[in-house]
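Report on the structure given below.
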Amino acid sequence: MGKLFEARINLMLTTEDQVKRVRAPNHDLLEGDVVLKFGNAVKLMNGIKNVQKLSLTADTLEVLSLCCESMPVFKNLKMLGIESEEGRGWQAMPVLLRNCPHLETLIIEGLLHYETDKCGDACDCISREDKGHSLTSCPVKMLEIQGFRGTIKEMKMIKHFLVYFPCLKEMKIYVAENGPTDLRFPEVSDLIEQLMEEYNKSSSCNVELLVSDNLSEKWTAEGRIL
């Protein structure tokens with residue numbers, strides 16, 4: 001796989017018991033099916049370390065916490081895509097960002113995730129002395145956030161990225177088309193727009209909040225315009 005250009009990895013956690021064992025301190029609970037299923041994660045990541053584009057599902061990101069100490073350097077990686085879910089953790093995010101020395105584009109589908117003490121400084125969930133360390137060493141220039149729902153937690157994450165990504169030039173935030181979002185209400189969307197303007201003024205990054213044509217037409221038909 002040394003010449004592989006692009007890879008999408010989906011290592012599925014099928015039960016909450018598997019999730020519990022993956023998150024166990026020092027992986028003390030790893031045994032049986034978990035070892036058999038995910039024991040070769042290190043070999044897999046080493047096998048694709050030369051890719052230029054890499055996409056990881058939320059389950060995969062959780063599983064990769066098993067091999068943080070052995071994570072290879074992705075010296076050719078230009079684009080990294082991450083799917084995020086509220087029930088899955090970001091324990092592997094800090095080491096992933098530190099091990100992508102030439103990353104240009106980061107795409108995150110959903111900012112909300114399960115908070116653990118290993119989220120590190122990749123997010124703003126837990127206060128740490130080394131806050132922002134993995135971001136300050138990442139050269140990413142373009143950040144795309146998909147599935148934005150307009151929550152306070154998401155806004156804190158966005159500000160965290162703006163503060164700590166030193167090379168960030170452009171941030172595109174796409175409003176979620178499906179699921180609950182208060183952005184359809186004028187008072188909420190006005191507040192979010194004000195915050196976006198403040199972010200643009202306080203940083204050298206161009207921040208854009210984007211709504212799809214389909215969603216805009218839907219909200220207009222309902223009498224709610226962003």
### Message
Given a Förster distance of 35 Å, report the FRET efficiency between LYS159 and ASP213 from their Cβ-Cβ distance, rounded to the nearest 0.05.
### Response
0.80
### Query
Relative to the present Cα-Cα distance, how much length would full extension add between SER70 and GLN52 at 0.36 nm per residue of separation?
4.5 nm
### Cross-link reach list, aspartates and glutamates versus LYS141, counting only Cα pairs under 12 Å and skipping chain neighbours closer than eight places
GLU104, GLU170
#### Entry: Cα-based reach from LYS43 at 26 Å (exclusive), listing lysines while leaving out same-chain residues under 8 positions away
LYS3, LYS20, LYS53, LYS75, LYS78, LYS118
### Query
Hey, can you rank 59-71, 132-144 by average C-beta count inside 10 Å, highest first?
59-71, 132-144
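Read the figures in this text as sums done on the coordinates, not as results from a lab. Note that the structure is predicted; figures quoted are calculated from it, not measured. Note: ideal-geometry Cβ built from the backbone for every residue, glycine included; neighbour counts use all protein chains shown.
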